[in-house]
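These notes are about the structure you will find just below.
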Amino acid sequence: MNKRLNYLLITCACLNLCSACDEGKIYPDDTIDSGRTATVTLHFTHLDAWPQKNNMSLISLGEDGVTPILVKRILEPSSEAEAVTVTLNNLNGNTRSIAVAVITSGMSLVHAYQSFPVNASDESLTLPETTIEVASFSRIQTQVFNAKCVMCHGGSTTTAGDLNLTAAKAYQSLINVKAPHSAEGKNYVTPGDLNNSYLLDVLEHDNHIDIFNGAEQREVRALIRTWIKAEAENN
């Protein structure tokens, strides 16, 4: 009788262990330590400019403000109505800020939309709910003009096409300004009017088409087209 009872007890214990394994509960939940965390709820507008070659991410940054320490990729929401909540786990003591940013697959910073300072305490952070304008002019400035254009357009002794694309002058040089090389008399950028924006002709044709590779070119075109359609604000 005792042998049968022991057998039943052992069998029940084994079944319980298997059940725990199936549920991923070999260890109690309270042993999982995410360290210091940072959580933010985000809303995104103008999703047509969502990065295709690069990645939208929540990142932590150190003293230099440009090298990501931790990265959590943000998937594109299904619509602008969808809120996205993202958490970074295990922030270390070198973290000085958290940013919503576009980064390369090699974890290089392309553009930071929004940055939040991080204090030196050990307390987890709930960051302010934030709306990100995906097709912002500031992203165009950093990802396109600063990276690819200013060498010829304002960053040296010459300004090709009389077009200065440095950060201090790019916006006023583009908006409703006649492009001297446009045979149709287009402006460089006409807010809301893709067909009367010569900047698109330059990037999609002419001798500038090879500035970006295939995937990056599609990303940049979508970014600029979406920005122009959204009235080309200085945002």
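The values are calculated or read from the model by the stated rules, or taken from the named source; none is laboratory data. Predicted model, so just to flag it, every value in this text is computed and none were measured. As a convention, Cβ positions derive from the backbone with ideal geometry for all residues, glycine included, and neighbour counts pool all protein chains shown. We work out accessible area using only protein heavy atoms, side chains counted, and drop any ligands, DNA or RNA first. Shrake-Rupley method; radii C 1.70, N 1.55, O 1.52, S 1.80 Å.
Can you list residues whose amide H is under 5 Å from Phe44's amide H, if they're 5+ apart or on another chain and H is modeled 1.01 Å from N?
Those qualifying (amide H under 5 Å, at least 5 residues apart or on another chain) are Ile132.
For Ser197, what residues show an amide H to amide H distance below 5 Å, using hydrogens built from the backbone and excluding near sequence neighbours?
Residues meeting the criterion, in which the H sits 1.01 Å from N, are Thr190.
What shape does the range 63-135 take by its C-alpha gyration tensor, where a ≥ b ≥ c are the square roots of the eigenvalues and a/c under 1.5 counts as rounded, a/b above b/c as prolate, and the rest as oblate?
Verdict is oblate for the range 63-135.
Rounded to the nearest 10 Å², what accessible area does Glu76 have for a 1.4 Å probe in the complete protein model?
My reading of the accessible area for Glu76 is about 100 Å².
Leaving ligands, DNA and RNA out of it, report the carbon-plus-sulfur percent of the accessible area of the range 64-135 at a 1.4 Å probe.
After summing per-atom areas, the C and S share lands at 47 percent.
7 Å from Cα along Cα→Cβ at both Met107 and Ala160: what's the point-to-point distance in nm?
Placing both labels 7 Å beyond Cα along the Cβ direction yields 3.5 nm.
If you take the beta carbon distance between Asp48 and Ala120 as r and set R0 to 30 Å, what does 1/(1 + (r/R0)^6) give as a FRET efficiency, to the nearest 0.05?
Efficiency for this residue pair is about 0.15.
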